[in-house]
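Written below as structure tokens is the structure these notes are about.
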Amino acid sequence: MLMSEKQEMAMGASYDPQVVSQMGIYDDQKLQDFINLKGKKMGRISHRPGLDYKFRIVDSPVVNAFAVPGGYVYFTRGIMAHFNNEAEFAGVLGHEIGHVTARHSAKQYSTQVLAQLGFMVGMVASKEFRQYSDLASAGMQLMFLKFSRGNESQSDKLGVQYSTAIGYDAHQMANFFHTIERIQVKAGVSVPTMLSTHPDPGDRYNRVHQLATKEQEKKGATNLKVNRNSYLRMIDGIIYGEDPKQGYVENGTFYHPELKFQFPVPNGWQVMNSPSQVQMAPKDGKALIVMTLAGEKTLQEANRAAVQADNLQVISSRELSVNGNRAMETTADLNEKVRLVMYLIQYNGNIYKFSGLAGTPDFNAYKNYFTSTFKKFKSLNDPGKINRLPERIKIKEVKRTASLSDALRSYNMPSDRLEELAILNGMELKDKVKQGSLIKIIKKE
């Protein structure tokens, strides 16, 4: 049974703080004003014009956009960096508002189809892992949002309709799906985007182009906007990739410049960092490390709270020292299928909580990965690591008509990042770019 609109609004209002806590808000008022302006305008011409839509740019490098019930729509700074014009943005905006107006997220909730906010790609298929309170409390259990192929097709159609209605060329929406496909291929994995439920992004690219042509003919729409240059100038300076001050990985080590600690990442494991926690997992998702802050004042209080929060069945517990810092190690069963080892480490006035989880049959195989990571937690004092600057997108004029590859090289972009930059620019390296046209480069500053 579908929830009422009042319930839907209440749910969105309750989930919004969790999203903000988990991902953080990206501090750029002009970009925030832009998505508010376009979002409110599109909301007014949508099938649910009475909703009080809320739009946010969250501080994540992941290329993603999503909506939760009640009209809350989120764009990551990662996706804002990858758009190359306003029309691409408008198409994705319409797609997400389409999920809201068609009440897909509310329907998903009603049928208890849940997925994870913030879980890294391909990770943690086990339902038992999701019971761990550090994941749930950080907003991980948001009903996020494995839409069916039919839902996605309906939202694509609404995205075309809505973006056309506010004057944008919806063909650009199809072009952006091609960018997403290239990101997926380059990453070697599926990224958590609108494409995640579609087995054939190429087919979607063609279908959205067809929808755009039909909608424009139906409306007699001409002089539709793309607004490439104005969009590019607006995102000039946006942070690209990880923001070092929030923590970053380099050569197999995670560094946190502001909190001044470091620890190793198991070889080949993926890392997802957010304001509230760090997750690490092997690509097969059979194990998980979660690092977060404990709110208690003493190790004993923190250990007691952790055991109570998840009703852990403690197997062993002991005090120890980790690189001169007082610590506690506890091994326990989360449930019949999952075992964990937890380290609580007191450092610089905080208690850091590391938890390593694996299926009970696999636990011994992963325990050394867990404990070798936890035992190597230590202070960070290297000024070169502490003062690391983020990469930012800089908008530059092409100096002379040439291939995109040559234009990027003229700004000293390294050869091993040219394909990444081509994707970022929504072009191929062989594409011709005219003198005076704008392109994105990457610079640390």
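Would you list the strands (runs of 3 or more DSSP E) that sit entirely within region 313-431 and hold 1 or more residues that are touching a strand residue (DSSP E or B) at 6+ places or on another chain (Cβ under 9 Å), touching a residue at least 60 places away in the same chain (Cβ under 8 Å) and over 25 Å from ASP284 (Cβ atoms)?
Working: elements: 313-322, 325-333, 338-347, 350-359, 391-397.
Of the strands (runs of 3 or more DSSP E) lying wholly inside region 313-431, those with at least 1 residues that are touching a strand residue (DSSP E or B) at 6+ places or on another chain (Cβ under 9 Å), touching a residue at least 60 places away in the same chain (Cβ under 8 Å) and over 25 Å from ASP284 (Cβ atoms) span 338-347, 350-359, 391-397.
With respect to the numbered conditions (1) in contact with a Gly (Cβ under 9 Å, 6 or more places away or on another chain); (2) surrounded by 14 or more Cβ atoms within 10 Å (Cβ to Cβ), which one is the sole condition not fulfilled by LEU334?
It fails just one condition, (1).
Given the conditions (1) at pLDDT below 55; (2) assigned to a helix (DSSP H, G or I); (3) among the hydroxyl-bearing types (Ser, Thr, Tyr), and given that THR213 satisfies all but one, which numbered condition is not satisfied?
In the conditions (1) at pLDDT below 55; (2) assigned to a helix (DSSP H, G or I); (3) among the hydroxyl-bearing types (Ser, Thr, Tyr), THR213 misses (1) alone.
Would you mind finding the one in ALA67, ALA81, ALA10, ALA90 that is modelled with pLDDT under 95 and within 22 Å of GLN172 (Cβ to Cβ)?
Just one listed residue meets the conditions, ALA67.
Closer than 24 Å to ASN267 by Cα and in the same structural domain as PRO266 (by TED's automatic domain parsing): is that true of LEU288 in this structure?
Numbers: closer than 24 Å to ASN267 by Cα: yes; in the same structural domain as PRO266 (by TED's automatic domain parsing): yes.
In short, yes.
Does HIS178 qualify as being of a type outside the set (Gly, Ala, Ser), surrounded by fewer than 18 Cβ atoms within 10 Å (Cβ to Cβ) and either at pLDDT below 90 or assigned by TED's automatic domain parsing to the domain that holds ARG44 (or both)? Please lay out each step first, then the result.
Numbers: of a type outside the set (Gly, Ala, Ser): yes; surrounded by fewer than 18 Cβ atoms within 10 Å (Cβ to Cβ): yes; either at pLDDT below 90 or assigned by TED's automatic domain parsing to the domain that holds ARG44 (or both): yes.
Yes; evaluated as a whole, the condition is true for this residue.
I'm trying to understand the selection: among the residues of region 256-272, which are closer than 17 Å to ILE351 by Cα and not in a loop (DSSP other than H, G, I, E, B)?
Passing the criteria: HIS256, PHE261, GLN262, PHE263.
The values are calculated or read from the model by the stated rules, or taken from the named source; none is laboratory data. For clarity, every value in this text was computed on a predicted model and none was experimentally measured. FYI the Cβ positions are ideal-geometry reconstructions off the backbone, even for glycines, and counts take in every protein chain you see.
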